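The values are calculated or read from the model by the stated rules, or taken from the named source; none is laboratory data. Only a predicted model underlies this, so the values are computations on that prediction, with no experimental measurement involved. So basically every Cβ, Gly included, is an ideal-geometry build from the backbone, and we count neighbours across all protein chains shown. When the accessible area is computed, the model is the full protein with side chains, heavy atoms only, and any ligands, DNA or RNA have been set aside. Shrake-Rupley method; radii C 1.70, N 1.55, O 1.52, S 1.80 Å.
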Amino acid sequence: MSDDRSVPLLTVIDSAATHRGQVVGALSHFYRVSDYIDTISALRAVRAQPPDLILIDDLAPPGGGYEFVRQLRQDRTPGLAHVPVILTSKLEDKAIQEGVRRCGADTYLRKPYRYSALLKTVTTRLNQRVEAQWEHLPPAQRTALRGTLDVFQSLSEIIETGTKIDYPSMRHACEPLVEVIAQNDYRALLQGVKSHDNYTYAHSVKVATMLCLFGSVIGLDRQEQLLLACGGLLHDTGKMLIPHEVLNKPGRLEPDEWVVMRSHVPVTLDFLQASLQIPKGAIIIAAQHHEKIDGSGYPKGLKGREVNDLARMAAIVDIFSALTDRRSYKPGMPVEEALALMTGPMAAHLDQHLLRLFRELVLDTAEGYL
Ligand SMILES: [Fe+2]
Ligand SMILES: [Fe+2]
């Protein structure tokens, strides 16, 4: 479990020791977790440090989960009364729904539930808080984040149902991104997406924004910047089909997990090529962003000039983002350390001319906001 204070803190209250242990074990890969067997010790703890989310069983002793939530909603401890609560129960859906409504919990999970359902419910609730904070951003940045999030959510539906992307509406959603870059007003946007709990979304918006910024600095026009933004947002679409536990695994992947992880490139390509309107540049970014100039990349092991310029830019932004992003299991690497790694041990992988330009761009304009 991370000690990083920016990692969300979850409170789990359940008197069933085995079940509680399993839930805590699953969540601890991604969050800080405190667990309690009764509501009295839990209430004391959450008053001392309000968590970001509470998961409570309806039978938690002595008074039960519903009573705990009622009490919580009236508590005067700053920041506690509105903490999102997920109730868990073995009752029938209808009975739980009624209880959730009456006590003021946010949602429920019916036991037994799947590990994936637990993570999805937790992520959704945490993100609602992050997204609510976007209301305070300047209009262009708020529109950019809301628009790209809508697109991203529709992409996950599209990829699951096998339908096609509506590229014109995607391009429309990315226009505010190009606008905030033109106005040199993107920093709060990068800050706003930082704590979003859907990592693929947060990473994709960061890559889209920085690719667009990169494009503007090297003199590409707004249409080309828009293409870079769309390409950045789409480049890892295939990761939506990768199991959460592989995608967010702390530490090294096993060889079989690595095969699954790398499959996100062909999966993304199948998906983009099936949607006939996607421009070639965006497809190239998705196809080649893990290729390396020395031929050691994947999926094709392209070498030198075989790697397209757009993909060279995308690889730089993608690696920089992966290194500097905070994950549940690691803090973000400082900007200068990441750049040193990219110009040193990783030098043979990347286009050094473009990297020099990118380095200047980062040091001049974006430091402190990444
Ligand atoms: Fe990727
Ligand atoms: Fe990526």
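All of (1) farther than 19 Å from Val317 by Cβ; (2) in a helix (DSSP H, G or I); (3) open to solvent by less than 20 Å² (accessible area, probe 1.4 Å); (4) not small (Gly, Ala, Ser) hold for Val180 with one exception: (1).
Could you say which residue among Asp150, Asp197 is among the acidic types (Asp, Glu), away from ligand 1 (no atom under 16 Å from the Cβ), open to solvent by 60 Å² or more (accessible area, probe 1.4 Å) and out of contact with any strand residue (DSSP E or B) (no Cβ under 7 Å at 6 or more places or on another chain)?
On the way: Asp197 fails: open to solvent by 60 Å² or more (accessible area, probe 1.4 Å).
When all the criteria are applied, what remains is Asp150.
Selection of region 93-121 for residues being under 22 Å from Gln71 (Cα atoms), touching a helix residue (DSSP H, G or I) at 6+ places or on another chain (Cβ under 7 Å) and surrounded by 18 or more Cβ atoms within 10 Å (Cβ to Cβ) yields Gly99, Cys103, Ala105, Asp106, Tyr108, Leu109.
Kindly check whether there is at least one residue in region 250-260 that is within 16 Å of ligand 1 (Cβ to nearest atom), closer than 16 Å to Ala314 by Cα and of a type outside the set (Asp, Glu). So far as region 250-260 goes, no, none of its residues is within 16 Å of ligand 1 (Cβ to nearest atom), closer than 16 Å to Ala314 by Cα and of a type outside the set (Asp, Glu).
Going by what's in this entry, would Asp294 be described as surrounded by fewer than 20 Cβ atoms within 10 Å (Cβ to Cβ), in contact with a Gly (Cβ under 9 Å, 6 or more places away or on another chain) and in the same structural domain as Asp166 (by TED's automatic domain parsing)? Yes; evaluated as a whole, the condition is true for this residue.
Look at region 187-202: where a residue is over 9 Å from Gln141 (Cβ atoms) and a partner is small (Gly, Ala, Ser) and in a helix (DSSP H, G or I), sitting 6+ places away or on another chain with Cβ atoms under 6 Å, you get Val193/Ala202; His196/Ala202. When region 319-334 is limited to residues that are open to solvent by 20 Å² or more (accessible area, probe 1.4 Å), outside any loop (DSSP other than H, G, I, E, B) and modelled with pLDDT of 90 or more, the one that is nearest to Thr200 (Cα to Cα) turns out to be Ala322. Checked against (1) within 16 Å of ligand 2 (Cβ to nearest atom); (2) within 25 Å of Ser169 (Cβ to Cβ); (3) at pLDDT 95 or above, Thr237 passes all but a single condition, namely (3). Gly251 - would you say it is touching a residue at least 12 places away in the same chain (Cβ under 8 Å) and within 14 Å of ligand 2 (Cβ to nearest atom)? Criteria not met by Gly251.
Restricting the first member to region 216-245 and to residues that are in the same structural domain as Cys174 (by TED's automatic domain parsing), and the second to residues that are within 12 Å of ligand 1 (Cβ to nearest atom) and open to solvent by 40 Å² or more (accessible area, probe 1.4 Å), the beta-carbon pairs closer than 6 Å and six or more apart or on different chains are Gly238/Val267; Leu241/Val267.
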